[in-house]
Every structure is written in structure tokens, then in C-alpha cells.
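Peer 1: Please read through the structure below; I'll follow up with questions.
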Amino acid sequence: MGEAKRKQAALMELAKKQFARWDFPVTAEEAAAVAEIEQLDSYIVHRYPKHMLDYMKMKPNECHANARFMEANDPEQKTKHVTGYWPQAGNYVLHSVVLREGEMLCVTPLAINAPDSFTFIPDFDIEWKQESDGYTAYRKGYKVEPGLRSDPLENKRIADIIIARMEAGVPPLKAGEPPF
């Protein structure tokens, strides 16, 4: 298998794992949380430049750990870890940024190309609990990892289409393009 095919297969496996993380039962708690989140203020957040994230050794897909690290290691204690949501394709993806001197900044590099500015909805009702396998985010007692779905059934329908496309040989990034 060539390098390009190996990368495509790895991306496909990653995509399937991500879809599996979002395949959880529909609950009234999730619907209530989504209704509340839709009323919260949103902000435009900018990502630190790539060279700075590389220098700080920030890890892709580790936003919560990166923000927690930044807060814990700020000698001036001006950096605060803020958790909320990054709205994406009808979902509210749990995401963490830092607040420093009135500005929210993302300290997590991306593994794929994406804009360095995005909408972020801080949620101060989220609390982190340390559990046996690390930290888990809860909102008013409801576990919110990996995030919340505004329409769980539509989310599942689209995931099934994308997975079927990938299994039919469509490259993962192309398989995720509408129409669905």
C-alpha cells in the first residue's frame, strides 16, 4: 500500500471513530442544553499563529489539555481556561480556548486546513470533573463530551451517508461534502 493510500485509510478510520463518538442516545437533557446554548452569546476567536503553537508544543485535537496547560503555566496568572462550543454542521462541538486580557484565543493547532478564526460560544455552566480516565465535561450534571447535537437524527443520517461514501472508495474529505 502506498503512502497516500495509508494516509487516506488512517483518515477514514479517524472519521469513523469521530462519528462513533457522536452516536449516542437522544435525551431530553441534550435538547434542553441545546435550547439554552442557542441563547448564549457567541464570539469570534482567533487561533494563535502556527509558529507560536509549534514553539509552545501544543497538540492538535487536545484543546482542553492545551488550554488547561496554558492556564496552569502562566507565571502572571492572566490566562484562564474557557470551555464552550465551536458550532459545526449543526452540532455544538465541545471546545476550549484561553481568555487573556479580555481576548479569547485558541491555542490548539489543527491537523487539517481550516480557518484561523471561528465562532465560539463560551458556556460557564460547564464544569470539569477528574475521573479515572482523565477529565470529563459536565453541564448541569449532563455529560457533554464530545458536544451536543441540535438534530441528533439528522446528524446520524449524514454520518451514515459519509461512512457509506468512504466505504465505496470516496476520499474522506470529499465524502463529507454536501449534498447529503
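Peer 1: Label V93 and A31 with points 7 Å out from Cα along Cα→Cβ: what is the distance between them in nm?
Peer 2: 2.7 nm
Peer 1: Could I ask something else about it? Please work out the Cα center distance from segment 54-117 to segment 148-170, rounded to the nearest Å.
Peer 2: After rounding, the separation between the Cα centres reads 27 Å.
Peer 1: With a probe of 1.4 Å, find how much accessible area segment 55-180 has per residue, and write the answer as a whole number in Å².
Peer 2: Here the per-residue accessible area is 57 Å².
Peer 1: Hey, another quick one. Mind checking segment 63-114 for GluC sites (Glu not before Pro) that DSSP puts in a loop (not H, G, I, E or B) and that have at most 16 other Cβ atoms within 10 Å?
Peer 2: Those satisfying the criteria are E76, E101.
Peer 1: Now a separate question. State the extension gain, in nm to one decimal, for the chain segment bounded by A4 and R157, taking 0.36 nm per residue of separation less the distance between their alpha-carbons.
Peer 2: Contour length minus the Cα-Cα distance gives 52.2 nm.
Peer 1: Okay, moving on. Express in nm, to one decimal, how much length is gained between M52 and K16 on full extension, taking 0.36 nm for each residue of separation and deducting their alpha carbon distance.
Peer 2: Taking M52 through K16 to full extension adds about 9.9 nm, to one decimal.
Peer 1: To continue, here is another question. Principal axis lengths of segment 1-86 from Cα atoms, whole Å, largest first?
Peer 2: 50, 43, 22
Peer 1: Something else about it: Where in segment 37-59 does the amide nitrogen come within less than 20 Å of the point 7 Å from the Cα of L173, taken along Cα to Cβ?
Peer 2: Output list for this probe position: 47, 50-51.
Peer 1: How much FRET efficiency would the formula 1/(1 + (r/R0)^6) give for W128 and A164, where r is the Cβ-Cβ distance and R0 is 41 Å, rounded to 0.05?
Peer 2: Step by step, r from the Cβ atoms, then E = 0.70.
Peer 1: State the percentage of accessible surface on segment 36-100 attributable to carbon and sulfur atoms; use a 1.4 Å probe and exclude ligands, DNA and RNA.
Peer 2: 53 percent
Peer 1: With the Cα gyration tensor of segment 51-135 giving a ≥ b ≥ c as the square roots of its eigenvalues, does the rule (a/c under 1.5 for rounded; else a/b larger than b/c for prolate; else oblate) give rounded, prolate or oblate?
Peer 2: Verdict is rounded for segment 51-135.
The values are calculated or read from the model by the stated rules, or taken from the named source; none is laboratory data. Predicted model, so just to flag it, every value in this text is computed and none were measured. So basically every Cβ, Gly included, is an ideal-geometry build from the backbone, and we count neighbours across all protein chains shown. Heads up: the accessible areas ignore ligands, DNA and RNA and are worked out on the full protein's heavy atoms, side chains in. Shrake-Rupley method; radii C 1.70, N 1.55, O 1.52, S 1.80 Å.
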